[in-house]
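First the structure, in the form of structure tokens, and then the observations on it.
The values are calculated or read from the model by the stated rules, or taken from the named source; none is laboratory data. Remember, it's a predicted structure, so these values are computed and weren't measured experimentally. Ideal geometry is used to build each Cβ from the backbone, glycine not excepted, and the neighbour counts take in all protein chains shown.
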2 protein chains.
Amino acid sequence: MVIEGIRSLLQNEKSIEWAGHAMTAASCLAYLSNQQPDIILMDISIPDKSGIDLCKEVKEKYPSIFIIGLSTFNQQSFIQKMMDNGASGYVLKNATQEELMEGIETVMKGRTYLSIEAAQSLQKNTNGETPVLTRREKEVLGLIAGGMTNPEIAAKLFISVTTVDTHRKNLLAKFDVKNTALLIRLAVGMELI
Amino acid sequence: MVIEGIRSLLQNEKSIEWAGHAMTAASCLAYLSNQQPDIILMDISIPDKSGIDLCKEVKEKYPSIFIIGLSTFNQQSFIQKMMDNGASGYVLKNATQEELMEGIETVMKGRTYLSIEAAQSLQKNTNGETPVLTRREKEVLGLIAGGMTNPEIAAKLFISVTTVDTHRKNLLAKFDVKNTALLIRLAVGMELI
DNA sequence: GGAACAATCCCGGAAAAGCAGGATATTGAC
DNA sequence: GTCAATATCCTGCTTTTCCGGGATTGTTCC
């Protein structure tokens, strides 16, 4: 479905020739051993291996192929890893035709392209440095993420509910967020959980 | 402290010889250049690099060393990544002596060991089929993840606070969780956000 | 025409989280 | 020995979330 979506987006573009598609890393590599396209749009979540690894492998074997990462999610670590492994750009799956084309054109010129949202995410997470948490704070954070309430955490750690509340306040302050939902989302994003 | 805890757990076991410990990735690698133990118990959070990366590096240089991941938190992505990078097992820090020994013995036989909770977590996230959400529910979920409260969401979507509350209740029910923290964690895990 | 679902709305109450502003002991670094 | 950081505890208050019931309007599918 996603493949068809992209295909239909690109069908209107005369400058684009659709070389083919692969559903697995293995079939992708098999395809590449016969012919090499200019650009690969590569999903991060592939059945048989991570897109991040496949990206690296393809780049090692065929350095001239440009790779653009594709993902639904706007997550810094993935973007960063794809780029580290040789990707030339990153486009979110909800990108418009214009964005996708802009990405392809930019990358073909040898420059890197990050779709707006992805770039923002990268920016936010680079600026927004990972807060330094104490042992206890990490512990409490983990338990919050596990769905425990303050009274439950207090019971588990043999401390007072008010202490848990204090740790929680400090966590919110350190992450500069105002409720649990954002706290958990950021913490997961920063891979602290 | 954690190191001492493990050490004391293993001191009773005559079949175990404690080779040493390292506090940083660098000192670990330095140690390994002199002598190689059979098994490394490796924490995920190390000061100078992620345990996941260190795991990979050690496995590349010394494929015969078995690595067991150690972590306080019970999260699928870490477990998966450690295993992807060559770990033979995964034990939580709150494991009992029996679990730890079982893990070491299993791994020494060349098989993989996941501590009960870790295995459950992995299981849950594989089995735990992604709930089917309606348009509106996805929208509300996204806004919750953005840190908005019910009144704020209501204002943004031009609906009543009670309606937002209903959607929220349905989200909790569909994900089978009891609070926002777990909701967000699962939703991020299932890559719905 | 029903059945099933989605989306909207309501009440009332209990529990939890969040906010502001404290305080005290311990510990490790300088 | 002092200082900063950490971890612990507290009060009082407001807001939000969570829970248990509802109900009404559409739409869509058979």
Single condition A:VAL58 does not satisfy, out of (1) in contact with a Leu (Cβ under 8 Å, 6 or more places away or on another chain); (2) within 24 Å of B:LYS81 (Cα to Cα); (3) at pLDDT below 80: (3)
Selection count, segment A:127-146, where residues are outside any helix (DSSP H, G or I), crowded, with 17+ Cβ neighbours inside 10 Å and within 11 Å of DNA strand D (Cβ to nearest atom): 1
Segment A:178-193: number of residues that are free of Cβ contacts under 8 Å to residues at least 24 places away in the same chain and within 12 Å of DNA strand D (Cβ to nearest atom): 4
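Does segment B:147-172 hold any residues that are assigned to a helix (DSSP H, G or I), surrounded by fewer than 18 Cβ atoms within 10 Å (Cβ to Cβ), more than 8 Å from DNA strand D (Cβ to nearest atom) and among the hydrophobic types (A, V, I, L, M, F, W, C), and which are they?
First pass over segment B:147-172, keeping only residues assigned to a helix (DSSP H, G or I): B:150-157, B:161-172.
Checking the rest, the ones that are also surrounded by fewer than 18 Cβ atoms within 10 Å (Cβ to Cβ) come to B:151-152, B:155-157, B:161-163, B:165-166, B:169-170, B:172.
Applying the additional criterion that residues be more than 8 Å from DNA strand D (Cβ to nearest atom) yields B:155-157, B:163, B:170.
The answer is B:ALA155, B:LEU157.
Does A:ARG135 count as modelled with pLDDT under 90, within 11 Å of another protein chain (Cβ to nearest Cβ) and within 16 Å of DNA strand C (Cβ to nearest atom)?
Working: modelled with pLDDT under 90: yes; within 11 Å of another protein chain (Cβ to nearest Cβ): yes; within 16 Å of DNA strand C (Cβ to nearest atom): yes.
Against the criterion (modelled with pLDDT under 90, within 11 Å of another protein chain (Cβ to nearest Cβ) and within 16 Å of DNA strand C (Cβ to nearest atom)), A:ARG135 qualifies.
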Where residues in segment B:145-183 are away from DNA strand C (no atom under 11 Å from the Cβ) and facing chain A (nearest Cβ under 9 Å), which of them is farthest from A:ARG168 (Cα to Cα)? B:VAL177
On the basis of being modelled with pLDDT of 75 or more and among the hydroxyl-bearing types (Ser, Thr, Tyr), does A:SER45 make the cut? no
